[in-house]
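Below: one structure, written as structure tokens.
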Amino acid sequence: MRFSVRHLMQYEYSAPVELGAHRLRLTPRADAGMVQSHMVRVTPEPVARRDLTDAFGNPLIALDFTGETSRFCVESRFSLDTRPPAPPPADLPPLPWGATPAQAIYLHGPVPDATVQAFADGLAAEAGGDALVFLNLLNRQLFTRTDRQIRLEGDAQDPRETLASARGACRDLAVLFIAAARSQGIPARFVSGYQAHAESVDGQRHLHAWAEVWLGQDGVGREGAGQGWYGYDPTHGLAVGEGHVALCAAPDQAGTMPLEGGFWGLNIRTLLRYTVEIETDG
């Protein structure tokens, strides 16, 4: 599928500010597909720009600035060809899984709340301990039982809050999915990117979030290569496929922010406007 995205972020400040160092995570991951074109335009022009890769295989752009500005604008455009993922392995061991040292970072996190653990245990029992059946049940359950919302600000909710309220944004469902999977010993991570077909509940396009789980049979992942990672999108009740483009993946949401940085100024009010445009040929 040919996948084209324009993502524009415009910050306006009530008075001139000095911009600090920034990091952009707006470049598709190496396992997202075959990139045909990619451009990131930044205003004001940075005095230094470096292309880097973080510890989790995510491409990022590091920027440095000098002087003052009352406006900060980042525009990302890319076009790439996605491909269907390979089917997950069929001969997985029964749940729950034991800890895998090579993937321990994707099992760490807060101890699951008793209600989240019980929810996941119930689905695992219904699945007869079959990992793939469990993951599909979990994905479908979160889709059918949750009132999906758009929430423009704030981090993801605590998983128990999402489970109890049956309300949440895509990042909330992704975090609950991750907590439930980890409770069964399945390594899982948070992914930020774009989704092709399903419009959001407000009729606009936004960054999207979903979960990936490690199903590699040897227990050893190769960061950035996509080996053994399989995605689930509980916001849409779908397995992740060629209609998804990942920008970044990390053990938690904090490692996937599209823009990180700050500014210096006194009593500054900030206004953010953003636009996400997505076109596909499929």
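In region 81-95 there is at least one residue matching the filter, namely being under 23 Å from PRO258 (Cα atoms) and surrounded by 16 or more Cβ atoms within 10 Å (Cβ to Cβ).
Report whether or not ARG71 is touching a strand residue (DSSP E or B) at 6+ places or on another chain (Cβ under 9 Å) and exposed (fewer than 15 other Cβ atoms within 10 Å of the Cβ). Show your work before the answer.
Numbers: touching a strand residue (DSSP E or B) at 6+ places or on another chain (Cβ under 9 Å): yes; exposed (fewer than 15 other Cβ atoms within 10 Å of the Cβ): yes.
So ARG71 passes the test.
Taking the listed residues ARG23, ARG49, the one that is outside the structural domain of TYR232 (by TED's automatic domain parsing), farther than 21 Å from ALA211 by Cβ and in contact with an Asp or Glu (Cβ under 6 Å, 6 or more places away or on another chain) is ARG23, with no other qualifying.
Per this entry, GLY33 is counted among residues that are crowded, with 18+ Cβ neighbours inside 10 Å and not assigned by TED's automatic domain parsing to the domain that holds PRO234.
When the strands (runs of 3 or more DSSP E) confined to region 242-282 are screened for residues that are modelled with pLDDT under 95, those reaching at least 3 such residues are found at 270-280. Selection of region 221-238 for residues being in a strand (DSSP E or B) and either at pLDDT 95 or above or surrounded by 20 or more Cβ atoms within 10 Å (Cβ to Cβ) (or both) yields TRP229, TYR230, GLY231, TYR232, ASP233.
Quick check on this structure: which one of GLY128, GLY203 is surrounded by fewer than 24 Cβ atoms within 10 Å (Cβ to Cβ), at pLDDT below 95, assigned to a loop (DSSP other than H, G, I, E, B) and over 18 Å from the mean Cα position of the chain (by Cα)?
Details: GLY128 fails: at pLDDT below 95.
Answer to the check: GLY203.
Of all residues in region 52-68, those being surrounded by fewer than 17 Cβ atoms within 10 Å (Cβ to Cβ) and within 23 Å of PHE263 (Cβ to Cβ) number 7. Only one of the numbered conditions (1) assigned to a loop (DSSP other than H, G, I, E, B); (2) exposed (fewer than 14 other Cβ atoms within 10 Å of the Cβ); (3) assigned by TED's automatic domain parsing to the domain that holds GLN184 is not met by GLY109, and that is (2).
I want to confirm something. Restricting to region 57-70 and keeping residues that are at pLDDT 95 or above, within 27 Å of the chain's Cα centre (by Cα) and not polar (S, T, N, Q), which single residue is nearest to GLY265 (Cα to Cα)?
In this case the residue turns out to be ASP64.
Could you please give the count of residues in region 131-156 that are in contact with a Ser or Thr (Cβ under 9 Å, 6 or more places away or on another chain), of a type outside the set (A, V, I, L, M, F, W, C) and at pLDDT 90 or above? Break it down stepwise before answering.
Of region 131-156, the ones in contact with a Ser or Thr (Cβ under 9 Å, 6 or more places away or on another chain) are 142-143, 146-148, 150, 156.
With of a type outside the set (A, V, I, L, M, F, W, C) added as a condition, the list becomes 146-148.
Applying the additional criterion that residues be at pLDDT 90 or above yields 146.
Total satisfying the criteria: 1.
The values are calculated or read from the model by the stated rules, or taken from the named source; none is laboratory data. Computed from a predicted model, the values in this text were never measured in an experiment. FYI the Cβ positions are ideal-geometry reconstructions off the backbone, even for glycines, and counts take in every protein chain you see.
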